[in-house]
Every structure is written in structure tokens, then in C-alpha cells.
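This report concerns only the one structure given below.
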Amino acid sequence: MDYQSFFADKLDDLRTEGRYRVFAELARSAGKFPRARNYRGDDVDEVTVWCSNDYLGMGQNSDVMAAMHQAIDECGAGAGGTRNISGTNHYHVLLEQELAELHGQEAALIFGSGWVANMTTLSTLAAMMPNCLVLSDAFNHNSMIEGIRHSKAERVIFRHNDVAHLEELLAAQPVDRPKLIAFESLYSMDGDIAPIAEICDVAQKYGALTFIDEVHAVGLYGHEGGGVAQRDGVMDRLDIIQGTLAKGFGVVGGYVAGSAGFCDFIRSYGAGFIFSTSMPPAVAAAALASVKYVRSHPALREHHQERAATLKRLFRDAGFPVMPSVSHIVPVHIGDAVLCKSISDRLLELHGVYVQPINYPTVARGTERLRFTPTPLHTDDAMARLLEAMKEVWEFHGLKAVA
């Protein structure tokens, strides 16, 4: 087999479909977010980032950066091993305690990323519970899907946010069969929110465990940033809460929170936890400082919601096809992969506006979009410049405003 030709042909397929991914080479400027330097060969331009998952700008928060500097001076760069073999640092323990408290749970367990947290936890749970059935929302994230697949447990997909369909599937199962419902609180590409209370109702009725991914909600919703479940007053009804330290908290890493027995079970059996080198102490210290800060600054969440609502209003008033969203996600429908990338490229190259095209397989074909994520640090002036850039690019591509 000609391996190199195989690689080249598959990459050509992506280019033909308009789905070949080009990474914007950025250097974020601490103290100037959402401004960043964009490197393109020998050229360096300043751009405004409109698609960051650092939703609150906590990646440049002075308390967070100071905590990271201090931990480096105290502990050095790395953890030194896996959690079991010399790699459990005091900052890891403090962070896990803080996260458990944030979610009103007995314990928490941190991982290198949210992807690893989902993959490890779901695969371990579903594989080890005898005859486990996993009921998975149709729009679940790749990390959840891969964890469920890796478990080799039987799985069924319920229609997105369709509690009646979920109950229909549960009712068809023996009462004593182990069942695990896996879903997200906030779906990051459409910006819609799960009916958490109703899912908990049917879980309780049919004896199922609940696993909720709050990755795009922690830090952003609830009186302390505990997520949509905290906002809705149902956090205590969930068995397992999964979150990230990389989005609302602006650092990196993932975690799960739940009962002490559950966390000890994953700690003891989860390969993705056991065999991974643990998070650098400086990262854990920064994440700890961020969680503490976000919990005690509700005005940050209020400002964030105002910025998202303002951008939606500006886009709609200008006739741009903003997709329905009840959250901080502002998706603008394009519907074609090649066009989506062309619009994104022109925004970046001509206007210094960086928003990544979102194409298949991240979203379904025909639903390609630009996904804007305004933060508390995106000013009115920045929004005005974005609006003018969008108008120019829309006109350049011969697109019509939505009446």
C-alpha cells in the first residue's frame, strides 16, 4: 500500500468538501483579551478573538496568573508522576475539595482534560456495571460518545432533549437492570439547554443513574457558577456531574463530582486516571484560584449574559440569521461548508475578526455556522466593529439579510 498517497487522498477529500481545518496561529496577549496576535508566515497581525471558550476571560485574570506563578516557584513545573506514584500534589487535593463544594457533592476527581474525564468515567462505569444500558442524548459530545463506545455496553440513543422518548426507552427495560442516562446541560453548538429536572424525574422513576456534562455551563450559570443544574435548583438530584477547568474557569483540565464511593471507584478502576501523569501543580493552583474567584463574583456572570444578549440583538436587528439560542452561545447559520470557511477567512484577513467556521462532523451537514462567544471583555466598540465587518462580508458574498 502507498501509505503517503492514502494520507494525501483523504486530506484532499476534506479540502474538496470545504472541511479541511486550518489552525489560526495565535498568541493571546495577557491584559488585552480578546485581542491576540495572529501569525501567518512572516506576517503578524492583531485580531479580535470572537470564538474563544475562555468565556469569562479568566485565563488572564490577575489572581489566576499570580497563583500559577506562585505554584511554579513552590513546586516546579511538573507533578512528577501519576497520582498513584508521587504525583498527587497538595494543590490537586485542594482543587478537588473546592470542586466538590461547588457542586454540593461529597468528592471530586480531576483529569488532564474534560475529554479524558468523560471518556474515562463513562467507559469505566458502563463497562463494569453488569448488563449496563447507556441511554445517550443524540447530541452528546464526542468525548461522551467515545467513552460509551469504548465500554462496549449496550447503548440506545434518545432524541435530543426528548424526555418522552427517553421514558419510552426506559419503560421497555427490566426495573432491576443497571441504567445510565448521559446528557449535557448546555449544548455548545446550538446553545440550547436540557430539561434537567424532567430527566431526573424519569431517572428516579426507572432507577437510572444520571451523568450530566456541564462543561459549557460551569462558571457561567448558578449563583456560584455551579452550572445550569445549580441555576435550576436541581444539582442535588444528579448522581454524577462532569465539568471542565478550561472554559468558564479559563485554565485546563476536567473533573467529575459525585459521591465519595463513586469518585473512589473511578480513581481505583479508571485507566484514563490511573495511567495518566497528573496535572502540573501550577495548573491546579491556577484552576483553584479561578474557581474561588468565579464563585465569589456573580457580577461576572451577569455581565457575560448581557454581552451575549446584546450581540444577539445587534445581529438580529441587522438581519443576520442568528440560530435559536437560550444561552451565551451566538450561532449564525451559514449552511454550506465552503461558504462558511470563505466568510471566516475574509473576516480574519480583511477585518481582523477571528471566528472559526464550524462544519461537519462537529455539526450536521447543512447546518454549518459561525459560532460567536462574546465575553465580558468584548466592548461595545468591538461589537460595532464586528457588525460592520459582518455587513461587508455578507455583501461581498452576495448574501441577503433575513427580513
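The values are calculated or read from the model by the stated rules, or taken from the named source; none is laboratory data. Fair warning: this is a prediction, and the values are worked out from it, not measured in the lab. A quick note on method: Cβ atoms are made from the backbone with ideal geometry, for glycine too, and the neighbour counts reach across all protein chains shown. We work out accessible area using only protein heavy atoms, side chains counted, and drop any ligands, DNA or RNA first. Shrake-Rupley method; radii C 1.70, N 1.55, O 1.52, S 1.80 Å.
Among A71, A107, A77, A138, which is the only one that is under 29 Å from A36 (Cα atoms) and surrounded by fewer than 21 Cβ atoms within 10 Å (Cβ to Cβ)? Quick ask: steps written out before the conclusion?
On the way: A71 fails: surrounded by fewer than 21 Cβ atoms within 10 Å (Cβ to Cβ); A107 fails: under 29 Å from A36 (Cα atoms); A138 fails: under 29 Å from A36 (Cα atoms).
After applying the criteria, what remains is A77.
Do you know which residues across region 223-233 are assigned to a loop (DSSP other than H, G, I, E, B) and open to solvent by 10 Å² or more (accessible area, probe 1.4 Å)? Outline the logic, then answer.
We begin by selecting, within region 223-233, every residue assigned to a loop (DSSP other than H, G, I, E, B); these are 223-227, 232-233.
Within region 223-233, H223, E224, D232, G233 meet the criteria.
Given the residues A108, A30, A79, which is the only one that is within 23 Å of the chain's Cα centre (by Cα) and in a loop (DSSP other than H, G, I, E, B)?
Working: A108 fails: in a loop (DSSP other than H, G, I, E, B); A79 fails: within 23 Å of the chain's Cα centre (by Cα).
Among A108, A30, A79, only A30 is within 23 Å of the chain's Cα centre (by Cα) and in a loop (DSSP other than H, G, I, E, B).
Residues being open to solvent by 70 Å² or more (accessible area, probe 1.4 Å) and not in a loop (DSSP other than H, G, I, E, B): count how many of those fall in region 36-45.
Initially, region 36-45 is screened for residues open to solvent by 70 Å² or more (accessible area, probe 1.4 Å), giving 37, 39-44.
Still in the list and also not in a loop (DSSP other than H, G, I, E, B): 37, 39-40, 43-44.
Final tally of qualifying residues: 5.
Hey, among the residues in region 337-384 that are charged (D, E, K, R) and surrounded by 15 or more Cβ atoms within 10 Å (Cβ to Cβ), which one's farthest from V49 (Cα to Cα)? Don't jump to the end; show me each part of the working.
Residues of region 337-384 charged (D, E, K, R): 341, 345-346, 349, 365, 368-369, 371, 380-381.
Now drop any that are not surrounded by 15 or more Cβ atoms within 10 Å (Cβ to Cβ), which leaves 341, 346, 368-369, 371.
Values: K341: 16, R346: 14, E368: 19, R369: 16, R371: 11 Å.
The residue in question is E368.
Scan region 193-218 for residues that are among the charged types (D, E, K, R) and over 23 Å from C263 (Cα atoms) and jot them down. Lay out the reasoning, then the answer.
Filtering region 193-218 for residues among the charged types (D, E, K, R) gives 198, 201, 205, 213-214.
Once the filter is applied, which keeps residues that are among the charged types (D, E, K, R) and over 23 Å from C263 (Cα atoms), region 193-218 yields E198, D201, K205.
Do we have V49 as open to solvent by 60 Å² or more (accessible area, probe 1.4 Å), closer than 20 Å to L347 by Cβ and either touching a Pro at 6+ places or on another chain (Cβ under 6 Å) or without any contact (Cβ under 8 Å) to a residue 12 or more places away in the chain (or both) here?
No, not satisfied.
Inspect all residues belonging to region 211-222 and state whether any of them is touching a strand residue (DSSP E or B) at 6+ places or on another chain (Cβ under 9 Å), over 30 Å from A79 (Cβ atoms), open to solvent by 10 Å² or more (accessible area, probe 1.4 Å) and β-branched (V, I, T).
No - not one qualifying residue is present in region 211-222.
Go through region 245-283 residue by residue and tally those that are open to solvent by 40 Å² or more (accessible area, probe 1.4 Å) and either small (G, A, S) or in contact with a Cys (Cβ under 9 Å, 6 or more places away or on another chain) (or both). Step through it out loud before you land on a result.
Going residue by residue through region 245-283, those that are open to solvent by 40 Å² or more (accessible area, probe 1.4 Å) are 252, 259-261, 264-265, 267-269, 271, 274-277, 280.
Narrowing further to those that are either small (G, A, S) or in contact with a Cys (Cβ under 9 Å, 6 or more places away or on another chain) (or both): 259-261, 268, 271, 276, 280.
So the answer is 7.
When region 82-104 is examined, which residues are found to be assigned to a loop (DSSP other than H, G, I, E, B), open to solvent by 20 Å² or more (accessible area, probe 1.4 Å) and not aliphatic (A, V, I, L, M)?
Step one: filter region 82-104 for residues assigned to a loop (DSSP other than H, G, I, E, B), giving 83-89, 103-104.
Next cut, open to solvent by 20 Å² or more (accessible area, probe 1.4 Å) only: 83-86, 88-89, 104.
Across region 82-104, the qualifying residues are R83, N84, S86, T88, N89, G104.
F320 - would you say it is of a type outside the set (D, E, K, R), open to solvent by less than 20 Å² (accessible area, probe 1.4 Å) and assigned to a helix (DSSP H, G or I)? Before the answer, list the steps.
On the way: of a type outside the set (D, E, K, R): yes; open to solvent by less than 20 Å² (accessible area, probe 1.4 Å): yes; assigned to a helix (DSSP H, G or I): no.
Judged against the criteria, F320 is not a match.
Could you please tell me which pairs satisfy a Cβ distance under 7 Å, a separation of 6+ or placement on different chains, a first residue in region 139-161 that is closer than 20 Å to T124 by Cβ and in contact (Cβ under 8 Å) with a residue 24 or more places away in the chain, and a second residue that is among the aromatic types (F, W, Y) and part of a helix (DSSP H, G or I)?
S143/W115
What residue, among those in region 10-24 that are in a loop (DSSP other than H, G, I, E, B) and of a type in the set (K, R), is surrounded by the most Cβ atoms within 10 Å (Cβ to Cβ)? Write out each step before concluding.
Let us first name the residues in region 10-24 that are in a loop (DSSP other than H, G, I, E, B), namely 18-24.
Right, trim to of a type in the set (K, R) and you get 19, 21.
Numbers: R19: 19, R21: 10.
The selected residue is R19.
Are any residues in region 336-374 in a loop (DSSP other than H, G, I, E, B) and either charged (D, E, K, R) or out of contact with any Ser or Thr (no Cβ under 7 Å at 6 or more places or on another chain) (or both), and if so, which ones?
Our first condition is that a residue be in a loop (DSSP other than H, G, I, E, B); within region 336-374, this holds for 336, 352, 355-356, 359-368, 373-374.
If the condition is that a residue be in a loop (DSSP other than H, G, I, E, B) and either charged (D, E, K, R) or out of contact with any Ser or Thr (no Cβ under 7 Å at 6 or more places or on another chain) (or both), then D336, N359, Y360, P361, T362, V363, A364, R365, G366, T367, E368, P374 are the ones that fit.
For every residue, the table says whether it meets (1) free of Cβ contacts under 8 Å to residues at least 24 places away in the same chain; (2) of a type in the set (A, V, I, L, M, F, W, C); (3) farther than 18 Å from R83 by Cβ; (4) in a helix (DSSP H, G or I).
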{"position": "I266", "(1), (2), (3), (4)": "no, yes, no, yes"}
{"position": "E302", "(1), (2), (3), (4)": "yes, no, yes, yes"}
{"position": "T310", "(1), (2), (3), (4)": "no, no, yes, yes"}
{"position": "R313", "(1), (2), (3), (4)": "yes, no, yes, yes"}
